[in-house]
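Engineer: Here it is, the structure, as structure tokens.
The values are calculated or read from the model by the stated rules, or taken from the named source; none is laboratory data. No experiment lies behind these values; they were computed from the predicted model shown. Quick note on the areas: whole protein, heavy atoms, side chains included, nothing else; ligands and nucleic acids left out. Shrake-Rupley method; radii C 1.70, N 1.55, O 1.52, S 1.80 Å.
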Amino acid sequence: MSSTLLRPALVLGLLSCVGPFAIDMYLPAMPTIGLDLGTSEAAMQGTITAYFIAFGLAQLVYGPWADQAGRKPPLYAGLAVFLLGTLICAMAPSISVLSAGRFVQGLGGAAVMVVPRAIIRDMATGHEATKLMAAIMLVISVSPMLAPLAGAGVLALADWRAIFGVLAVAAGLSVAMIRFGLTETLPPAQRQRFNLQETLSGTKRLMQDRGFVVLTFLGGFGMASFFVFIAAGPFVYTRAFGLTPTGFSLAFAVNAIGFFSASQFAANLGQRFGAPMVVRWAVAGFALCTVGLMALGMMGLAGLAVVMAGLFAANACLGLVIPTVMVLALDDHGAEAGLASSLGGTLQMLAGGAIVAMAAPFLDGTALPMLVTIALCGVSAFVLSRFAAKGQTVTA
């Protein structure tokens, strides 16, 4: 990656961390929050689903807006909404208010996920874009290691509400980064006036593009496996495996290490073997790891070390899949990168949220239901990759 892209990669990566921090930082506190608010495990998992659904739906707004007004105005607006939701969470007297705050957080946090993808498409394409995406993924992927640890640290010094106070400060710092560290990448001459009919037509074209849909849902099932772990992991690791909030945070970090370490090889492997081949074999590896881990769980062999090792391997495969499919899905849609990015993100988040919601009644704090659901995500991704027609992007 050229030196001129290093600074925007760092800024975009830090901005994109706001969403993961909002998800991951309060995970060690979920059992404590549930006790404090007098609610159930399923209701606490519902706060995650609320965030994902809002996050997914809001992307439909930010993408076209970024194509019309430029990349920076939607970022400012999204962070303002995120800050409002964070303050609601910090003062929530009940689980229903906390869920509402998480929903508002998701509405705002979507901006700092979808707009940076469009900025990447403004700045680079092909292997250079994959390198830029991988560099951003490196920054983003550090957040799942740091966010739970930061949350556990805050929890050791104050109550769970202080975690949302820290997130509010992060939102303010993000505004400053946009103002002073990020230049506008979409010149006025290239902006597209918003037109509902054109947006609907563009959405229809994208949904009829088999390659776009397949790549989007390949990434979607991979992301869904993360969401399932995020929803169930805090309870499995602390209750079934007896870890402290800090212990859970360290175990959680192992998953992130597998993901971001592998993601740094995505661009080079794609250049050497072709991105479609990398995606195809990495999806197969993801499915194999998750199904194998489920089988060990069914045999009663899924102890803490086995679960951590299996998820490490599965997430390493996803580290090759997710940045590559993001780039491939947008490569042929430069003229409508904002819409394509937002639609793809919406479909992925809604799929992940739906899977968590469907699995929630079965996630009982033990490891096996979590492992079965993650394996279903792996098998679904594998089957989808096999169904792609010959000559489509993922099987070329």
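Engineer: At a probe radius of 1.4 Å, what is the per-residue accessible area of residue 72, in Å² to the nearest 10?
Structural biologist: Rounded to the nearest 10, the figure is 40 Å².
Engineer: Next up: Looking at the range 265-372 from every direction and averaging, what is the projected area of its Cα convex hull in nm²?
Structural biologist: If you wrap the Cα atoms of the range 265-372 in a convex hull and average its projections, you get 7.9 nm².
Engineer: With a 1.4 Å probe and every protein chain kept in, tell me what percent of the accessible surface of the chain is carbon plus sulfur.
Structural biologist: 70 percent
Engineer: Treating the range 9-86 as a set of equal point scatterers at the Cα positions, no solvent, please give the Debye-formula log₁₀ I(q)/I(0) at q = 0.23, 0.26, 0.27 Å⁻¹.
Structural biologist: -1.17, -1.34, -1.38
Engineer: Sort the chain into rounded, prolate or oblate with this rule: let a ≥ b ≥ c be the square roots of the eigenvalues of the Cα gyration tensor; rounded if a/c is under 1.5, and if a/c is not under 1.5, prolate when a/b is larger than b/c, oblate otherwise.
Structural biologist: Cα axes put the chain in the oblate bin.
Engineer: At 1.4 Å probe size, put 166, 321 in order of accessible surface, largest to smallest.
Structural biologist: 166, 321
Engineer: Same structure again: Given a 1.4 Å probe and the protein chains all in place, what does the accessible area of residue 386 round to, in Å² to the nearest 10?
Structural biologist: 110 Å²
Engineer: How would you classify the range 17-58 from its alpha-carbon gyration tensor, with a ≥ b ≥ c the square roots of the eigenvalues: rounded for a/c under 1.5, else prolate if a/b is greater than b/c, otherwise oblate?
Structural biologist: oblate
Engineer: On to the next question. Just check the range 164-288 against the gyration tensor rule for me: Cα atoms, a ≥ b ≥ c as the square roots of the eigenvalues, rounded for a/c under 1.5, and otherwise prolate or oblate depending on whether a/b exceeds b/c.
Structural biologist: Oblate.
Engineer: Please list 3J(HN,Hα) in residue order for the range 189-205, calculated via the Karplus relation 6.51 cos²θ - 1.76 cosθ + 1.60 where θ = phi - 60°; whole Hz, with x for glycine and proline.
Structural biologist: With coefficients 6.51, -1.76 and 1.60, one gets 5, 9, 7, 10, 5, 5, 9, 4, 5, 5, 5, 5, 5, x, 4, 4, 4 Hz.
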